[in-house]
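The values are calculated or read from the model by the stated rules, or taken from the named source; none is laboratory data. It should be emphasised that the depicted structure is a prediction, and the values quoted were computed from it without experimental measurement. Cβ placement follows ideal geometry from the backbone for every residue including glycine, while neighbour counts extend to all protein chains displayed. Side chains included, ligands, DNA and RNA excluded: accessible areas come from the protein's heavy atoms. Shrake-Rupley method; radii C 1.70, N 1.55, O 1.52, S 1.80 Å.
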Amino acid sequence: MDFALICRDAPGVLEKRLAARTEHMAGLKVEKAAGTIIDGGAILDAEGNMTGSVVLCRFPDRAALDAYLAREVYAREGVWGEIEIIEMRFVDWAKLMAD
C-alpha cells in the first residue's frame, strides 16, 4: 500500500528535532534501502526552519506502516505532534513514460 504522511512538528520541538536528526536520517537510509521510503523531506516555515515532514512510503499494509512509525525517532520521541496518513496510489512512472 502506498501512503503519504504529513507530519507536523509539535510546538517548540525544533531543538529536539535537531538532536534526533542523526538517528532519523540513519533510519531513513535503512528504510530507503528496504524500499519502504520512496521520497520525502522537511516542511519549512517562512524563515526556513523545519516544522514537519512529508514522507511518501510503501508498506504491505497499515500494520507495517504503524510498525515503522513505532521505530521512527521523530514519531517515537514526540517531535511529530500530528501525523496525517493518506492512503494513495503512486504514479507508475515507468509505465507512464513508456506510453
Along Cα→Cβ, 7 Å out, is where each label goes; now give me the distance between the ones at MET88 and LEU18 in nm to one decimal.
3.0 nm
So what J values fall out for the stretch 39-50 if you push phi through Karplus, 6.51 cos²θ - 1.76 cosθ + 1.60 with θ = phi - 60°, rounded to Hz, Gly and Pro as x?
6, x, x, 7, 8, 10, 8, 4, 8, x, 7, 6
Treating only the Cβ atoms of Lys and Arg (+1) and Asp and Glu (-1) as charged, compute the dipole magnitude of the stretch 3-99 about its Cα centre; round to the nearest 20 debye.
280 debye
Volume per residue (Å³) of the convex hull spanned by the alpha carbons of the stretch 27-99 is 130 Å³
Say each of LYS29 and ALA42 gets a label point 7 Å from the Cα, pointing the same way as Cα to Cβ; how far apart are those two points in nm?
1.8 nm
Expected vector for the stretch 84-94, Karplus 3J(HN,Hα) from phi with 6.51, -1.76, 1.60 and θ = phi - 60°, integer Hz, x for Gly and Pro, equals 8, 10, 10, 6, 8, 10, 6, 5, 7, 4, 4
Net length gained if the chain between ILE6 and ASP61 were fully extended (0.36 nm per residue, minus Cα distance):
18.0 nm
Sequence ranges 42-50, 91-99, ranked by mean other-Cβ count within 10 angstrom, highest first:
42-50, 91-99
Given a 1.4 angstrom probe, what's the average accessible area per residue across the stretch 1-58, in square angstrom?
57 Å²
Just want the answer: with Cβ charges of +1 for Lys and Arg and -1 for Asp and Glu, which residue in VAL13, ALA26, ILE43 is farthest toward the dipole's positive end in the chain?
ALA26
